[in-house]
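*Asks:* Supplied in C-alpha coordinates, the structure appears directly below.
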Amino acid sequence: MALGCGVLPTCGAALRGMFQPVVTLIAVDRLGKVVSMAAASTYIRVDHASLSDQAWWGMLATDPSRRGQSMALILGARAILEMEERFGNRSFMTGVEAGSSPSEDVCSKMGLEPQGMTLVVCADPEALISGRMTK
(Lines give C-alpha, C1' and ligand atoms only; values in the text may rest on other atoms or scores of the structure.)
Protein backbone atom coordinates (compact mmCIF):
# COMPACT_ATOMS: atom_id res chain seq x y z
CA MET A 1 0.00 0.00 0.00
CA ALA A 2 2.60 2.52 1.09
CA LEU A 3 5.07 1.76 -1.70
CA GLY A 4 2.29 2.03 -4.28
CA CYS A 5 1.62 5.57 -3.04
CA GLY A 6 5.30 6.55 -3.09
CA VAL A 7 5.66 6.32 0.71
CA LEU A 8 8.66 4.39 2.04
CA PRO A 9 7.57 2.18 4.95
CA THR A 10 9.87 0.79 7.55
CA CYS A 11 10.69 -2.91 7.31
CA GLY A 12 7.92 -5.46 7.86
CA ALA A 13 9.42 -6.78 11.10
CA ALA A 14 9.35 -3.26 12.56
CA LEU A 15 5.75 -2.73 11.39
CA ARG A 16 4.80 -5.95 13.20
CA GLY A 17 6.43 -4.78 16.46
CA MET A 18 9.27 -7.30 16.49
CA PHE A 19 11.90 -4.67 17.48
CA GLN A 20 10.07 -1.94 19.39
CA PRO A 21 6.47 -1.18 20.34
CA VAL A 22 4.49 -0.18 17.24
CA VAL A 23 0.97 0.55 16.04
CA THR A 24 0.19 -0.06 12.38
CA LEU A 25 -3.34 0.74 11.21
CA ILE A 26 -4.96 0.04 7.85
CA ALA A 27 -8.31 0.78 6.27
CA VAL A 28 -9.74 -1.79 3.88
CA ASP A 29 -12.61 -1.51 1.43
CA ARG A 30 -15.49 -3.98 1.10
CA LEU A 31 -13.38 -6.22 -1.11
CA GLY A 32 -10.57 -6.41 1.43
CA LYS A 33 -8.19 -4.11 -0.49
CA VAL A 34 -6.02 -1.90 1.72
CA VAL A 35 -6.89 1.71 0.85
CA SER A 36 -5.07 3.67 3.57
CA MET A 37 -2.49 3.22 6.32
CA ALA A 38 -0.62 4.94 9.13
CA ALA A 39 1.91 3.78 11.70
CA ALA A 40 3.78 4.92 14.80
CA SER A 41 6.74 3.29 16.52
CA THR A 42 9.12 3.88 19.37
CA TYR A 43 12.63 4.28 18.08
CA ILE A 44 14.74 5.32 21.07
CA ARG A 45 16.04 2.99 23.75
CA VAL A 46 14.10 3.29 27.00
CA ASP A 47 17.26 4.18 28.93
CA HIS A 48 17.67 7.44 26.95
CA ALA A 49 16.22 9.75 29.59
CA SER A 50 15.25 12.82 27.56
CA LEU A 51 13.52 11.11 24.62
CA SER A 52 12.44 7.72 25.96
CA ASP A 53 8.73 8.56 25.65
CA GLN A 54 9.00 9.77 22.05
CA ALA A 55 7.62 7.80 19.11
CA TRP A 56 8.05 8.26 15.38
CA TRP A 57 4.77 8.74 13.56
CA GLY A 58 3.92 8.68 9.86
CA MET A 59 3.88 6.40 6.87
CA LEU A 60 0.56 7.95 5.93
CA ALA A 61 -0.65 6.64 2.60
CA THR A 62 -4.02 6.61 0.86
CA ASP A 63 -4.97 5.03 -2.45
CA PRO A 64 -5.33 7.85 -5.02
CA SER A 65 -8.95 6.86 -5.70
CA ARG A 66 -9.81 7.36 -2.00
CA ARG A 67 -7.99 10.62 -1.27
CA GLY A 68 -9.99 13.48 0.16
CA GLN A 69 -11.88 11.22 2.58
CA SER A 70 -9.65 12.07 5.60
CA MET A 71 -8.50 8.47 6.02
CA ALA A 72 -4.83 9.37 6.57
CA LEU A 73 -5.87 12.05 9.05
CA ILE A 74 -8.08 9.62 11.01
CA LEU A 75 -5.63 6.71 10.95
CA GLY A 76 -2.70 8.98 11.77
CA ALA A 77 -4.49 10.49 14.77
CA ARG A 78 -5.59 7.06 15.94
CA ALA A 79 -2.01 5.73 15.69
CA ILE A 80 -0.81 8.52 17.99
CA LEU A 81 -3.62 7.86 20.48
CA GLU A 82 -2.94 4.11 20.45
CA MET A 83 0.78 4.62 21.10
CA GLU A 84 -0.05 6.80 24.09
CA GLU A 85 -2.71 4.41 25.44
CA ARG A 86 -0.79 1.16 24.88
CA PHE A 87 2.82 2.19 25.47
CA GLY A 88 2.73 5.55 27.29
CA ASN A 89 4.35 7.61 24.54
CA ARG A 90 3.72 11.30 25.16
CA SER A 91 5.89 12.88 22.48
CA PHE A 92 5.81 12.27 18.72
CA MET A 93 7.94 13.25 15.77
CA THR A 94 7.70 12.75 12.05
CA GLY A 95 9.70 13.60 8.97
CA VAL A 96 8.06 15.81 6.37
CA GLU A 97 10.04 17.11 3.45
CA ALA A 98 9.59 20.88 3.18
CA GLY A 99 7.06 21.72 0.49
CA SER A 100 5.12 18.44 0.72
CA SER A 101 1.69 20.07 0.82
CA PRO A 102 -0.38 16.90 1.53
CA SER A 103 1.85 15.95 4.48
CA GLU A 104 2.01 19.50 5.77
CA ASP A 105 -1.80 19.80 5.51
CA VAL A 106 -2.43 16.62 7.52
CA CYS A 107 0.03 17.71 10.20
CA SER A 108 -1.52 21.16 10.37
CA LYS A 109 -5.04 19.71 10.74
CA MET A 110 -3.75 17.62 13.65
CA GLY A 111 -2.23 20.66 15.34
CA LEU A 112 1.35 19.54 14.63
CA GLU A 113 3.92 22.09 13.57
CA PRO A 114 7.60 22.19 12.58
CA GLN A 115 10.01 22.35 15.49
CA GLY A 116 13.18 23.09 13.54
CA MET A 117 14.73 19.66 14.06
CA THR A 118 16.70 17.97 11.31
CA LEU A 119 16.77 14.22 10.85
CA VAL A 120 19.77 12.48 9.37
CA VAL A 121 19.00 9.06 7.93
CA CYS A 122 21.15 6.58 6.02
CA ALA A 123 19.72 4.28 3.38
CA ASP A 124 20.97 1.85 0.77
CA PRO A 125 20.93 3.79 -2.54
CA GLU A 126 19.96 0.65 -4.43
CA ALA A 127 16.91 0.18 -2.21
CA LEU A 128 16.01 3.87 -2.46
CA ILE A 129 16.20 4.49 -6.19
CA SER A 130 14.21 7.75 -6.04
CA GLY A 131 16.75 9.27 -3.65
CA ARG A 132 13.97 10.32 -1.26
CA MET A 133 12.94 8.84 2.09
CA THR A 134 9.57 10.59 2.19
CA LYS A 135 7.11 12.06 -0.21
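The values are calculated or read from the model by the stated rules, or taken from the named source; none is laboratory data. Bear in mind that the values here come from a model prediction, so they are computed numbers and not experimental data. Cβ sites come from the backbone with ideal geometry, for glycine too, and all protein chains shown count toward neighbours.
*Asks:* Go through region 7-35 and report how many residues are surrounded by 11 or more Cβ atoms within 10 Å (Cβ to Cβ) and either farther than 10 Å from M59 by Cα or aliphatic (A, V, I, L, M) (or both).
*Replies:* Within region 7-35, residues that are surrounded by 11 or more Cβ atoms within 10 Å (Cβ to Cβ) and either farther than 10 Å from M59 by Cα or aliphatic (A, V, I, L, M) (or both) number 18.
*Asks:* Does region 11-27 include one or more residues that are assigned to a loop (DSSP other than H, G, I, E, B) and aromatic (F, W, Y)?
*Replies:* yes
*Asks:* Filter region 85-104 down to the residues that are surrounded by 14 or more Cβ atoms within 10 Å (Cβ to Cβ), part of a helix (DSSP H, G or I) and either among the polar types (S, T, N, Q) or modelled with pLDDT of 95 or more (or both) and list them by number.
*Replies:* Residue satisfying the conditions is S103 alone.
*Asks:* (1) small (G, A, S); (2) surrounded by 12 or more Cβ atoms within 10 Å (Cβ to Cβ); (3) touching an Asp or Glu at 6+ places or on another chain (Cβ under 8 Å): which one isn't true of G4, the others all being true?
*Replies:* Of (1) small (G, A, S); (2) surrounded by 12 or more Cβ atoms within 10 Å (Cβ to Cβ); (3) touching an Asp or Glu at 6+ places or on another chain (Cβ under 8 Å), only one is false for G4: (2).
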